[in-house]
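Heads up, the thing below is written out as structure tokens.
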Amino acid sequence: MNNHIINITMLITLIVASVILGVFVDRIWLYYHEGNGVDNEVISQWLDDDDTDSLKFTDKFKCLGFSEVMVENATSDNLDASVVILRYDPGTDHAVVAFKVKYDYLFIEPQSDKLVGYMKTSKEGLTDIEIRGD
């Protein structure tokens, strides 16, 4: 009889823990995939004010330099931004900036402020990535 009560208690504990864990996991997903980040309009407005695109491209200041400056400017304004290296072929790389927005990431060319791509992840974990070339 005591074994039976212990098994029922363990079963109820597992069910409660599963429900709590399910809610917790769902909240984490919402945080990272829906609620964390700003609207696209905030990024667009910020890009209008940022002057990274007015810097001069030189032999020593190339796409990575532009990207690093833009990320530094964005993070100082409390935006979630990262340098992303696009590798086309071995030895052929290009740096852009990824901004965290409500629905994942926007990829911005820091030399022109143009949107060059996006990344969006579905709740099922499928990721759509589109990068446009000029």
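None of the figures in this text is laboratory data; all of them are computed from the coordinates on show. Not measured: the values here are computed from a predicted model. Ideal geometry is used to build each Cβ from the backbone, glycine not excepted, and the neighbour counts take in all protein chains shown.
Length available on full extension from Leu86 to Phe61: 0.36 nm per residue minus the Cα-Cα distance, which gives 7.3 nm. The charge dipole of region 38-131, taken about the Cα centre with unit charges on the Cβ atoms of Lys, Arg (+1) and Asp, Glu (-1), comes to about 300 debye, rounded to the nearest 20. Compactness of region 38-131 is given as radius of gyration and Dmax, 13.4, 44 Å, from Cα positions. Modelled this way, with points 7 Å down the Cα-to-C-beta line, the labels at Ser54 and Thr127 are 3.6 nm from one another.
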